[in-house]
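First the structure, in the form of structure tokens, and then the observations on it.
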2 protein chains.
Amino acid sequence: MPSQMSKRRNPKPLSGAGAATIIRPRIAFGPACSLGPGKIDLLRAVADTGSISAGARALGLSYKRAWLLIDTLNRGFGRPVVERSVGGRGGGGARLTPLGAALVRHYAAIEAACQQAAAAELAALRAVVSKGR
Amino acid sequence: MPSQMSKRRNPKPLSGAGAATIIRPRIAFGPACSLGPGKIDLLRAVADTGSISAGARALGLSYKRAWLLIDTLNRGFGRPVVERSVGGRGGGGARLTPLGAALVRHYAAIEAACQQAAAAELAALRAVVSKGR
């Protein structure tokens, strides 16, 4: 199901000239390991803020929830996606590991490929949905 | 976040020769209206079983949860996606409206387009993820 945090990233209303129909893929690697918009948004927020708690706050998540999501990724991939960064202002925080950064990078490419490939079909779907409004 | 019900549809383990990496799109029409794998799986199950309760059962959902998901779609699109079918064996059940059927049809096309368009990038991601396992 769509998570609260990802909903916040859908910027436009359904009707109106500028309304966008956005595809956000969920990539399933197996029964216990998947990567979708919620987790990706969190990784991006951690990278942007340099901290799990600040990243969580930016998305309106509790620290506990954010940590749980990150831990699910760590366990699913068998390696950490976030690591502590020591020192600097505030005495250290968190940053993405090379794996975490690769997930964000590849997800962005997959997201763009999906959006482009499905454009015609999305327009058809949008026409069906808008009919009768 | 991935929902329990959708996880059940990811059939393969991460490692092993036959493991598949599957894309399941979530389509955001606006801040309060999105269509992802969980809702689509439910619509498919309702269509297959001819009943909301049987469809919910097939996915391991409570009736209440299934109804909530359907109602979210009804409200989001401003028209029902499921309707009562009267008569027949068991005294009637539920079926998809033309809108509900169109959502399932277009989603399948979008899902296939995404999977195909992202194939190369998915293979690259999979190589990153499998490294060190």
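The values are calculated or read from the model by the stated rules, or taken from the named source; none is laboratory data. This is a predicted model, so every value here is computed, not measured. Ideal geometry is used to build each Cβ from the backbone, glycine not excepted, and the neighbour counts take in all protein chains shown. Side chains included, ligands, DNA and RNA excluded: accessible areas come from the protein's heavy atoms. Shrake-Rupley method; radii C 1.70, N 1.55, O 1.52, S 1.80 Å.
Taking residue A:83 and the conditions (1) within 30 Å of residue B:98 (Cβ to Cβ); (2) out of contact with any Cys (no Cβ under 6 Å at 6 or more places or on another chain), which numbered condition does it fall short on, given that it satisfies the others?
Checking residue A:83 against (1) within 30 Å of residue B:98 (Cβ to Cβ); (2) out of contact with any Cys (no Cβ under 6 Å at 6 or more places or on another chain), the one that fails is (1).
With the requirement that a residue be within 13 Å of the chain's Cα centre (by Cα) and not aliphatic (A, V, I, L, M), what does region B:51-74 give you?
Of everything in region B:51-74, just one residue is within 13 Å of the chain's Cα centre (by Cα) and not aliphatic (A, V, I, L, M), namely B:55.
Six or more apart or on different chains, Cβ under 7 Å: which pairs go from a residue in region B:25-44 that's under 19 Å from residue A:116 (Cβ atoms) and open to solvent by 10 Å² or more (accessible area, probe 1.4 Å) to one that's modelled with pLDDT under 90 and not polar (S, T, N, Q)? Could you list them?
Taking only residues 6 or more apart or on different chains, the pairs are B:26/A:2.
Of the residues B:82, B:86, B:129, which is more than 19 Å from the chain's Cα centre (by Cα) and crowded, with 21+ Cβ neighbours inside 10 Å?
Answer to the selection: B:129.
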